[in-house]
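Encoded as structure tokens, the structure appears first; notes follow it.
The values are calculated or read from the model by the stated rules, or taken from the named source; none is laboratory data. In this text, all values refer to a predicted model and were calculated from it rather than measured experimentally. Neighbour counts run over all protein chains shown; Cβ positions are idealised from the backbone, glycine included.
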């Protein structure tokens, strides 16, 4: 065979491989579910990379329990958006190396975002913060999840923890180390830094702590992390779930996020010297005060299902309106990790966030609240640095219904999200409330969705 013949064969093999290799375009619905379209690699790079793929409007407003929109939803069956791949996010899939994955934006036409695009919502809010205050939010997520195994009892499948070891137990880490090591390696291969891995309080519960970075990238990293954890768990015959409560008598899983403010490459959430009252800069205090002030109003963005509120209980933490210095019972915790100068605070931890929230919408709501705090120069109340007297504290919404009532009063959010997106979110959450009030055990099936 001459050289030209060899080149032809190689080209034919490459074309054949591209036909059986796929690029998955990923997006996250308003109800926090990951969805994808798989495109043959050649077609993706020839056509879809530029033009995207069609997506029915209604696909974004499907509920957690059924692939249908809420009854009477303002987003109907007519109309189509385009899922346009953000090529800066394309990665080789670590557990399926012949394939790639990429995150998608939702556009109505090239270059024009659809008002329901969660990634664009976060970009819009971040731009307001940058334009008005020259500030950037950095974020780092802590991902708690359960690893479950399937057993059959009386001919019915049941999912139980794959291990029963307590918090921080090294033997539990030994049992799970093949999975955790593969997760960490996979995340490293796609540029996502892992800061810690450890066993959590629940049976079969673990946590992956991601490094902090600019908030738009941090949320992208979170989506890829969830994809990675679930896929590698399946590879090992297990099911990984980020559901805030998969059974009521077990501890819950959160998705705590650490937030800081940056300007010209410097952390300006932290005070410049120890003379600050709380070790937090004026900018940092006003931003955090806005988040605390609006916490009830934005709670349904970060805890969007009725089952979310089974985690936010007085017997755990994060259920009363307060902040504290290293206070684990507070929904907002001022944090001074090792290496922070004495008396100063480098970031604050926001604890109500959970693993069923759309991370782009959740983080957008937090930043919007912080912007309002900066605009109004809000001040933090005194921190609660002891075990609090709950009688003297305001309870956060105890249910999604109460959170939705608070959201209805949060007129300041219209500027950041727009009427159409806010209306759709409320419609979805009302449907969630109705579904789970009528079907008390329906949440148990959500381990297969989250």
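Listed values, structure above:
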read-out: Given (1) assigned by TED's automatic domain parsing to the domain that holds residue 199; (2) in contact (Cβ under 8 Å) with a residue 40 or more places away in the chain; (3) loosely packed, with under 12 Cβ neighbours inside 10 Å, number of the condition residue 148 does not satisfy; value: (3)
read-out: Residue within the range 373-389 that is at pLDDT 95 or above, under 30 Å from residue 208 (Cα atoms) and either part of a helix (DSSP H, G or I) or touching a helix residue (DSSP H, G or I) at 6+ places or on another chain (Cβ under 7 Å) (or both) present; value: no
read-out: Residue in the range 297-318 that is touching a helix residue (DSSP H, G or I) at 6+ places or on another chain (Cβ under 9 Å) and closer than 22 Å to residue 213 by Cα present; value: yes
read-out: Condition check for residue 283: under 26 Å from residue 210 (Cβ atoms), outside any loop (DSSP other than H, G, I, E, B), modelled with pLDDT of 95 or more and over 24 Å from the mean Cα position of the chain (by Cα); value: yes
read-out: Unique match (being surrounded by fewer than 22 Cβ atoms within 10 Å (Cβ to Cβ) and in contact (Cβ under 8 Å) with a residue 12 or more places away in the chain) among 248, 295; value: 248
read-out: Count of the range 294-327 residues which are more than 25 Å from residue 430 (Cβ to Cβ) and in a helix (DSSP H, G or I); value: 0
read-out: Leading residue by the ranking (surrounded by the most Cβ atoms within 10 Å (Cβ to Cβ)) among those in the range 186-197 that are in contact with a helix residue (DSSP H, G or I) (Cβ under 7 Å, 6 or more places away or on another chain), more than 15 Å from residue 233 (Cβ to Cβ) and without any contact (Cβ under 8 Å) to a residue 40 or more places away in the chain; value: 192
read-out: Residue in the range 129-144 that is at pLDDT 90 or above, in a helix (DSSP H, G or I) and surrounded by 20 or more Cβ atoms within 10 Å (Cβ to Cβ) present; value: yes
read-out: Residues of the range 251-271 satisfying the condition of being farther than 23 Å from residue 367 by Cβ and surrounded by fewer than 21 Cβ atoms within 10 Å (Cβ to Cβ); value: 251
read-out: Test: residue in the range 104-114 that is within 21 Å of residue 230 (Cα to Cα) and either at pLDDT 95 or above or more than 23 Å from the chain's Cα centre (by Cα) (or both); value: yes
read-out: Residue ID - surrounded by the fewest Cβ atoms within 10 Å (Cβ to Cβ), chosen from residues in the range 277-290 that are out of contact with any helix residue (DSSP H, G or I) (no Cβ under 8 Å at 6 or more places or on another chain) and more than 10 Å from residue 345 (Cα to Cα); value: 277
read-out: Conditions (1) modelled with pLDDT under 90; (2) more than 24 Å from residue 30 (Cα to Cα); number of the one not met by residue 318; value: (2)
read-out: Only listed residue being surrounded by fewer than 15 Cβ atoms within 10 Å (Cβ to Cβ), in contact with a helix residue (DSSP H, G or I) (Cβ under 9 Å, 6 or more places away or on another chain) and within 28 Å of residue 307 (Cβ to Cβ), chosen from 87, 77, 66, 103; value: 66
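Yes/no per residue for (1) farther than 29 Å from residue 164 by Cβ; (2) assigned to a loop (DSSP other than H, G, I, E, B); (3) touching a strand residue (DSSP E or B) at 6+ places or on another chain (Cβ under 9 Å):
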residue	(1), (2), (3)
222	no, no, yes
230	no, no, yes
240	no, no, yes
248	no, yes, no
258	yes, no, yes
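Yes/no per residue for (1) crowded, with 19+ Cβ neighbours inside 10 Å; (2) not assigned by TED's automatic domain parsing to the domain that holds residue 207; (3) not in a helix (DSSP H, G or I):
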site	(1), (2), (3)
352	yes, no, yes
361	yes, no, no
370	yes, no, no
391	no, no, no
402	no, no, no
407	yes, no, no
413	yes, no, no
